[in-house]
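Report on the structure given below.
The values are calculated or read from the model by the stated rules, or taken from the named source; none is laboratory data. What you see is a predicted model; the values in this text were computed from it and never measured. FYI the Cβ positions are ideal-geometry reconstructions off the backbone, even for glycines, and counts take in every protein chain you see. Surface areas here come from the heavy atoms of the whole protein model, side chains and all, with no ligands, DNA or RNA. Shrake-Rupley method; radii C 1.70, N 1.55, O 1.52, S 1.80 Å.
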Amino acid sequence: MSMNATTESKPEGSLGETLRVVFHALIIAVIIRTFLFQPFNIPSGSMKGTLLVGDYLFVSKFSYGYSHYAIPFSPPLFKGRFFASDPQRGDVVVFRLPKDDSTDYIKRVIGLPGDKIQMINGLLHINGKPVQRQQLPNFVGEDPCGSGGTASVKRWRETLPNGVSYETLDCVDNGFYDNTEIYTVPAGHFFMMGDNRDN
């Protein structure tokens with residue numbers, strides 16, 4: 001007597017298998033976003049000519065350590081920062097203001113704790129010394145000053161005391177921010193500026 005046994009197999013792509021794959025993908029995405037990299041979209045023109053409105057970029061989460069802001073939805077589970085390291089002058093960073101922790105900003109680190117920062121006639125001064133600046137051909141394109149249309153504006157290459165070099169835009173001569181008081185950066189703080197200095 002012979003028996004012909006048939007075994008039923010689960011259909012491939014069952015709902016349970018799909019849910020398991022989706023769950024694992026979500027866990028991996030949360031781990032990557034929390035500990036490694038987070039995507040950002042540039043919402044404003046404050047970093048033009050370096051970053052344009054609408055640019056997408058990935059920000060390293062481990063460069064300066066982890067705070068509760070590294071966790072999705074930023075629950076206040078702990079204070080301080082783990083594996084902390086300070087940003088260097090010239091780094092482009094994403095941060096939140098101490099008095100407004102709901103908005104992400106992206107700017108360049110200009111001043112370190114204890115530095116004295118001042119703009120004189122549109123030229124950045126750090127600790128009483130002007131930053132090296134070389135004029136480049138004008139920036140021509142979508143108006144970086146925010147008035148719409150196309151424009152041609154002054155463009156400079158600044159070089160910070162530590163050798164970091166980048167381009168800045170200067171929309172207006174003798175603008176509101178071209179002459180400032182001296183700002184002393186408090187301990188534990190950093191001074192940020194956009195590369196589009198008048199906007």
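Find the residue count for segment 120-148, including only residues that are at pLDDT below 95 and either in contact with a helix residue (DSSP H, G or I) (Cβ under 7 Å, 6 or more places away or on another chain) or outside any strand (DSSP E or B) (or both). Count: 8. Condition (residue is aliphatic (A, V, I, L, M), part of a loop (DSSP other than H, G, I, E, B), touching a Cys at 6+ places or on another chain (Cβ under 9 Å) and open to solvent by 50 Å² or more (accessible area, probe 1.4 Å)) applied to segment 171-185: is it met by at least one residue? Within segment 171-185, one or more residues are aliphatic (A, V, I, L, M), part of a loop (DSSP other than H, G, I, E, B), touching a Cys at 6+ places or on another chain (Cβ under 9 Å) and open to solvent by 50 Å² or more (accessible area, probe 1.4 Å). Looking only at segment 112-162, residues that are touching an Asp or Glu at 6+ places or on another chain (Cβ under 7 Å) and open to solvent by less than 30 Å² (accessible area, probe 1.4 Å) come to 7 in all. With respect to the conditions (1) in contact (Cβ under 8 Å) with a residue 40 or more places away in the chain; (2) open to solvent by less than 40 Å² (accessible area, probe 1.4 Å); (3) more than 20 Å from residue 107 (Cα to Cα), residue 195 lacks only one, and its number is (3).
Listed here are the residues, each with its yes/no results for (1) among the charged types (D, E, K, R); (2) at pLDDT below 75; (3) closer than 30 Å to residue 146 by Cβ.
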position	(1), (2), (3)
2	no, yes, no
11	no, yes, no
15	no, no, no
23	no, no, no
52	no, yes, yes
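Restricted to segment 78-101, and to residues there that are open to solvent by less than 60 Å² (accessible area, probe 1.4 Å), more than 18 Å from residue 38 (Cβ to Cβ) and among the charged types (D, E, K, R), the residue that is modelled with the lowest pLDDT is 100. If the condition is being small (Gly, Ala, Ser) and outside any loop (DSSP other than H, G, I, E, B), then segment 80-119 contributes 102, 111.
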